[in-house]
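Asks: My questions will all concern the structure given below.
The values are calculated or read from the model by the stated rules, or taken from the named source; none is laboratory data. Just so it is clear, the model here is predicted, and its values are computed rather than measured. Positions of Cβ are backbone-derived with ideal geometry, glycine not excepted, and every protein chain shown enters the neighbour counts. These area figures cover heavy atoms from the full protein model, side chains too; ligands, DNA and RNA do not enter into them. Shrake-Rupley method; radii C 1.70, N 1.55, O 1.52, S 1.80 Å.
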Amino acid sequence: WAINFGRNISPLVSARIGIEGANSKVFNAYTGEKENFKYATGSFDAMLNVTNIFTKKYCHPVNFYLIGGVGCNWSGMGTTNSSKFSPTVRLGAQVDWRVAKNVALNLEYRANNTNDQFNGRLESGSHDWYSSILLGVSIVLPDRKAVKDRSGEIDALNAQINALRAEN
């Protein structure tokens, strides 16, 4: 599972924060057994809309994004001499299909790199990769448009009305 909150900064760049987690399985090369553990990752991602790079029109039914991000990973895998928290970096891609004005379906692939404590094994200089394929729904909230200050126009109109009343 994953949940993200983001914002389009420009037609080309978006940013989002999120958290994902799962109950994972790993093969223990030392014991030959499969082990289950839980993990969660909090992240900050930048997204590049590749579709908008190649077109002048910025409203497409299908968009392709490249994703790069950083975060912090928590692993429930038991270790003997390390923290359960570790930094992580990620790369990925997303295809986004706008099915309605404010609703999109998306398919995303992420590859995350974290230090070796993710799976409970600690080898010097070693890193773990784990990947996720996610199918999701995006709800696009409309931008709030600034309300134009019309107090000057209203004051001028009131002055005209008062001038007409004074003539009668």
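Asks: Among (1) surrounded by 16 or more Cβ atoms within 10 Å (Cβ to Cβ); (2) modelled with pLDDT under 85; (3) not hydroxyl-bearing (Ser, Thr, Tyr), there is one condition Ala104 misses while meeting the rest; what is its number?
Replies: With (1) surrounded by 16 or more Cβ atoms within 10 Å (Cβ to Cβ); (2) modelled with pLDDT under 85; (3) not hydroxyl-bearing (Ser, Thr, Tyr) applied to Ala104, the lone miss is (2).
Asks: Here's something else I'd like to know. Looking only at segment 88-107, decide whether some residue is in contact (Cβ under 8 Å) with a residue 24 or more places away in the chain, polar (S, T, N, Q) and either closer than 18 Å to Leu135 by Cβ or touching a helix residue (DSSP H, G or I) at 6+ places or on another chain (Cβ under 7 Å) (or both).
Replies: Checking segment 88-107: at least one residue is in contact (Cβ under 8 Å) with a residue 24 or more places away in the chain, polar (S, T, N, Q) and either closer than 18 Å to Leu135 by Cβ or touching a helix residue (DSSP H, G or I) at 6+ places or on another chain (Cβ under 7 Å) (or both).
Asks: Sticking with this structure for a sec: Return the total of residues in segment 85-95 being open to solvent by 80 Å² or more (accessible area, probe 1.4 Å) and at pLDDT below 95.
Replies: Quick first cut of segment 85-95, residues open to solvent by 80 Å² or more (accessible area, probe 1.4 Å) only: 85, 87, 91.
Remaining after also requiring at pLDDT below 95: 85, 87.
So the count comes out to 2.
Asks: Which of the residues that make up segment 1-36 are among the small types (Gly, Ala, Ser), at pLDDT 90 or above and not in a strand (DSSP E or B)?
Replies: Once the filter is applied, which keeps residues that are among the small types (Gly, Ala, Ser), at pLDDT 90 or above and not in a strand (DSSP E or B), segment 1-36 yields only Ser10.
Asks: Going through segment 86-115 one residue at a time, which ones are touching a Ser or Thr at 6+ places or on another chain (Cβ under 6 Å) and among the basic types (Lys, Arg)?
Replies: Matches in segment 86-115: Arg110 only.
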